[in-house]
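The values are calculated or read from the model by the stated rules, or taken from the named source; none is laboratory data. The shown structure was predicted, so the numbers you read here are calculated from the model rather than taken from an experiment. We place every Cβ from the backbone using ideal geometry, glycine too, and count neighbours over all the protein chains shown. When the accessible area is computed, the model is the full protein with side chains, heavy atoms only, and any ligands, DNA or RNA have been set aside. Shrake-Rupley method; radii C 1.70, N 1.55, O 1.52, S 1.80 Å.
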Amino acid sequence: QVQVVESGGGLVQAGGSLRLSCAASGSIFSINAMGWYRQAPGKQRELVAAITSGGSTNYADSVKGRFTISRENAKNTVYLQMNRLKPEDTAVYYCNAGVKTFASIIYADYWGKGTLVTVSS
């Protein structure tokens, strides 16, 4: 099985920074894309940023220039550096990993349980 665990959420004032981490572990053969999604109260889950195994990145327009996604392939870990945070960034942040296990021939999505980020004004 595969486990995906996020860490690094918390309470921060507007304009501040936080760094989220996410590690995938278990019976992993390879990981293609990894990404961060968020869900604010009353809203749908949305993509924040994603990164391929080759390092190509994609960001939501609302976070471009403020957030940076990176990963360490050897550690099956992805990071999200969040700067100049705004109250509207408040949400539960979820990590997603596209994983092929030793027992599978296709990639499947695995999700973490989420970490709460609260930005006060």
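Over the chain, average the accessible area per residue using a 1.4 Å probe and give it in Å², no decimals. List each step's numbers first, then the result.
Details: 6460 Å² over 121 residues.
Per residue, the chain has an accessible area of 53 Å².
Dipole size of the chain about its Cα centre, with +1 on Lys/Arg Cβ and -1 on Asp/Glu Cβ: approximately 120 debye, rounded to the nearest 20.
For the pair the range 83-105 / the range 23-82, the C-alpha centres are spaced 5 Å from each other.
Where does each of 80-88, 5-13 land if you order them by average Cβ count within 10 Å, highest first?
Details: 80-88: 16.8, 5-13: 14.7.
With the highest mean Cβ count within 10 Å placed first, the list reads 80-88, 5-13.
Between the beta carbons of N73 and K113, assuming R0 = 30 Å, the FRET efficiency works out to 0.85 to the nearest 0.05. Most tightly packed first, judged by the mean number of other beta-carbon atoms within 10 Å of their residues, the peptides 65-72, 37-44 read 65-72, 37-44. For the chain, what's the relative contact order in percent, using C-alpha pairs closer than 8 Å and at least 6 residues apart? Averaging sequence separation for qualifying contacts and normalising by length gives 36 percent for the chain. Ranked by the mean number of other Cβ atoms within 10 Å per residue, highest first, peptides 16-29, 97-110 order as 16-29, 97-110.
Computed over the chain, the P(r) tail beyond 23 angstrom holds 26 percent of alpha carbon pairs. Of the solvent-accessible surface of the chain, computed with a 1.4 Å probe over protein heavy atoms with every protein chain present, carbon and sulfur atoms account for 51 percent.
How long is the gain from S56 to S7 if the chain were fully straight, where each residue apart is worth 0.36 nm and the alpha carbon distance is subtracted? It would help to have the intermediate numbers written out before the result.
Working: separation 49, 0.36 × 49 = 17.64 nm, distance 2.29 nm.
Working it through step by step, the gained length comes to 15.3 nm.
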